[in-house]
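Visitor: Here it is: the structure, laid out below.
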Amino acid sequence: MVFRFDSMARATFSLLTSLLCVGGLLIVLGLEYLGIVTVLMMTIEMALMAVFMIMFMMNPAGLVPMSMVHNKRGAAVVCGAAFVLLVAGILLVRLPTRRGRAPADPTMDLGMSLMGPQMLTMMTLGMALFATIVATVVLATRRGRYDRLGDDLRAAGPDDPVRGGVGR
């Protein structure tokens, strides 16, 4: 559905829907930690992406028809070839047999394999990046929400400091 919408915001939320389904699939497969992390991470990421698209894209609401697909024939050939290769890999590759036994806590082992002792560092970095994004958006706006109609919002007409805006 991402490629069926004219609106970038709708395409973003349809992509979010597919990624939430992937997170749900991980939860169903018994990987609760990865599933929840995927759901949380993708929800925040797609929400931020939608905000930035609405702010900066030329056609965020899809009022002007547009196509998200370029070189349709070439893309179809590449997708078909990738599909055939993946199916051939599934059918022809011999899967290894398990050696040893499963770990007692696979989530902890996976976390240690991916991050090792750097988990706290990565969590702190994530919060710092989020704070940086919020601060950047706040600092990029020259005026506040009350600049046009005053603090009590009772002005007879907007006194828009940026001419040509909604007020005039």
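The values are calculated or read from the model by the stated rules, or taken from the named source; none is laboratory data. Here the structure is a predicted model, which means the values were calculated and not measured. For neighbour counting, all protein chains shown are included, and Cβ atoms are generated from backbone atoms with ideal geometry for every residue, glycine included.
Visitor: Counting just the residues of the stretch 38-50 that are in contact (Cβ under 8 Å) with a residue 12 or more places away in the chain and surrounded by 14 or more Cβ atoms within 10 Å (Cβ to Cβ), which one comes out nearest to the chain's Cα centre (by Cα)?
Guide: Met46
Visitor: If you don't mind, there's one more thing I want to ask. So how many residues does the stretch 103-145 have that are within 17 Å of Leu34 (Cβ to Cβ), modelled with pLDDT of 85 or more and among the aliphatic types (A, V, I, L, M)?
Guide: Qualifying residue count for the region: 0.
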